[in-house]
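Each reported figure results from applying straightforward, stated rules to the coordinates on display, with no laboratory input. Computed from a predicted model, the values in this text were never measured in an experiment. Backbone-built Cβ (ideal geometry, glycine too); neighbour counts: all protein chains shown.
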Amino acid sequence: MALVGEIFLPGDKSISHRALMFTALGDGISRLENLNPGADVKTTLQALQNLGIKIEDKHGVIHVQGGGLNPFNQPEHAMNCGNSGTTARLMIGLLAAHPIHVQFTGDHSLSKRPMDRVFRPIQQMGANVSATNRKFLPLMLSGRELWALDYRLPYASAQVKSAILLAGLHAKGETTVKSPAFSRDHTEQMLKAMGAKIKVKGREATVSQLKKPLKAIDFKVPGDFSAAAFFIAAALLVPDSELIIRDVGVNPTRIAFLHAVEEMGGDITVANKTVKNGEAIADLRVCSSKLQGIHIYPEMIANLIDELPLIALLATQAEGETVVSGAEELRVKESDRIAAMVSNLGNWGAKIFERPDGFHVEGPTPLKGGDVQTFDDHRVAMSMGIGGLISKLPARFDNPECVDISHPGFFDELRALMD
Ligand code: S3P
């Protein structure tokens with residue numbers, strides 16, 4: 001059995017959230033193609049509809065009727081952000097200056113994820129936002145006039161950076177966010193493409209108050225690199241595989257996983273690269289490869305944060321030691337992904353050990369397969385699903401449906417590629 005063929009992947013999840021939110025501030029109808037079909041992006045779409053934004057699906061192309069500088073109506077109900085950290089965090093920034101009252105809620109997992117990292121800096125801009133339970137959802141936001149902020153982020157987070165920049169669009173003056181390391185820059189690229197006044201200098205981004213609406217755009221969302229990563233890992237691990245992945249987003253702030261697996265010995269070719277609206281897109285060709293262990297250092301983490309569960313899996317099949325450090329942020333994702341991967345791969349016989357800020361792995365070891373505890377986390381489920389392609393017993397999941405968060409149909413698409 002090998003992975004052979006060609007695939008297209010769902011649209012990038014991070015870009016899809018942003019495309020919906022930013023086009024709501026547009027000066028007319030924006031047409032968005034290849035939006036991510038997962039539950040998280042639907043959560044953002046419904047949240048915007050509940051705020052009065054008209055969004056229609058016309059034969060798979062999403063039409064967003066932008067409402068200009070002040071497009072939001074008072075919602076009738078609380079904004080349920082479901083499992084989606086990006087919805088909650090970016091929406092707090094997007095709405096902070098609008099004259100509405102919004103209660104933010106979320107599911108069991110999101111209600112345990114820190115929100116103070118967003119609402120503290122936004123409070124410093126003058127926003128009226130408070131949590132009833134320390135730093136967690138539910139949050140209450142009452143929009144009011146904001147002033148600009150010069151903020152140094154304590155860690156590299158694209159969600160927090162984006163939330164502050166979005167609040168900055170409606171704050172008097174120029175708002176600057178300085179990051180200790182590069183994080184994904186989709187917000188900066190899209191705001192620039194839509195005509196916002198935004199300057200980027202290295203790890204510093206400055207946005208000016210909007211004086212007129214953003215320009216409506218027509219945008220085709222690139223394939224999700226984080227979805228591609230599962231198929232890259234599958235093709236690397238399953239012998240005799242050769243897989244082409246078409247139209248994948250290869251924004252340089254997203255592809256540290258690609259560089260890491262190349263360093264591990266992975267045979268990957270990047271071809272047909274183009275850039276549109278600031279986002280690079282390319283085709284990837286991946287062939288099965290013999291892998292070596294790797295050291296992943298703190299400064300690389302933000303650019304492969306969502307792919308670290310896969311690094312753990314790949315490391316179990318690589319010759320020698322793999323060490324990941326500076327990745328404590330993984331503990332506050334949809335699940336504690338360090339603990340989740342260490343326990344699942346450990347149960348399958350891997351030599352993987354937890355550290356406070358990462359893990360280390362001694363490879364290669366055969367994987368037994370069998371039960372997987374997903375912790376209801378899509379990336380844990382999909383990573384172990386790839387592990388199941390090379391394990392003795394097939395993987396058996398407690399909640400396989402959790403992959404619907406970012407990639408509905410993931411297991412069927414994977415199966416279809418196996419000959
Ligand atoms: C995201 C940023 C990352 C990432 C998440 C999506 C985004 O989170 O893990 O899946 O769309 O901005 P942090 O900014 O919290 O690191």
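Straight-line reach only, C-alpha to C-alpha below 20 angstrom: list the lysines that Lys197 could link to, leaving out same-chain residues fewer than 8 apart.
Lys161, Lys172, Lys178, Lys211, Lys212, Lys215, Lys276
Just for the stretch 223-417, what percent of DSSP beta bridges are antiparallel, to the closest 5?
The antiparallel proportion sits near 75 percent.
Inverting the mean 1/r over all pairs of different Cα atoms, compute the Kirkwood radius of the chain and quote it in Å.
Working: mean 1/r = 0.0462 Å⁻¹.
When all Cα pairs of the chain are included, the Kirkwood radius is 21.7 Å.
Counting only DSSP beta bridges with both residues in the chain, tell me the antiparallel percent, nearest 5.
Looking only at bridges with both residues in the chain, the antiparallel portion is about 70 percent.
What's the exposure ranking of Val250, Val102, Val118, Val332, going from fewest to most Cβ atoms within 10 Å?
Ordered from fewest to most neighbouring Cβ atoms within 10 Å, Val250, Val102, Val118, Val332 come out as Val332, Val250, Val102, Val118.
Answer rounded, prolate or oblate for the stretch 33-95, using the Cα gyration tensor with square roots of eigenvalues a ≥ b ≥ c: rounded when a/c is under 1.5, else prolate when a/b is larger than b/c, else oblate.
Oblate.
Divide by every residue of the chain the summed helix terms, -39500 (n - 2.57) for each DSSP H run of at least 4, and state the resulting mean residue ellipticity at 222 nm, rounded to the nearest 500 deg cm²/dmol.
About -8500 deg cm²/dmol.
Listing Cys287, Cys81 from the residue with the fewest other Cβ atoms within 10 Å to the one with the most, what is the order?
Result, fewest neighbours first: Cys287, Cys81.
Hey, fewest Cβ within 10 Å first, where do Arg337, Arg396 land in order?
Ranking Arg337, Arg396 by Cβ neighbours within 10 Å, fewest first, gives Arg396, Arg337.
Using alpha-carbon positions, what is the distance between the centroids of the stretch 74-135 and the stretch 195-259, in Å?
Between the Cα centre of the stretch 74-135 and that of the stretch 195-259, the gap is 25 Å.
Please report the antiparallel percentage of DSSP beta bridges with both residues in the stretch 13-220, rounded to the nearest 5.
Taking every DSSP beta bridge with both residues in the stretch 13-220, the antiparallel ones total about 70 percent.
Of Val275, Val286, Val261, which is the most mobile in a GNM of the chain whose springs link Cα atoms less than 10 angstrom apart?
Most flexible of the set in this elastic network: Val275.
What is the packing order of peptides 92-100, 154-162, taking the mean over residues of other C-beta atoms within 10 Å and listing the highest first?
92-100, 154-162
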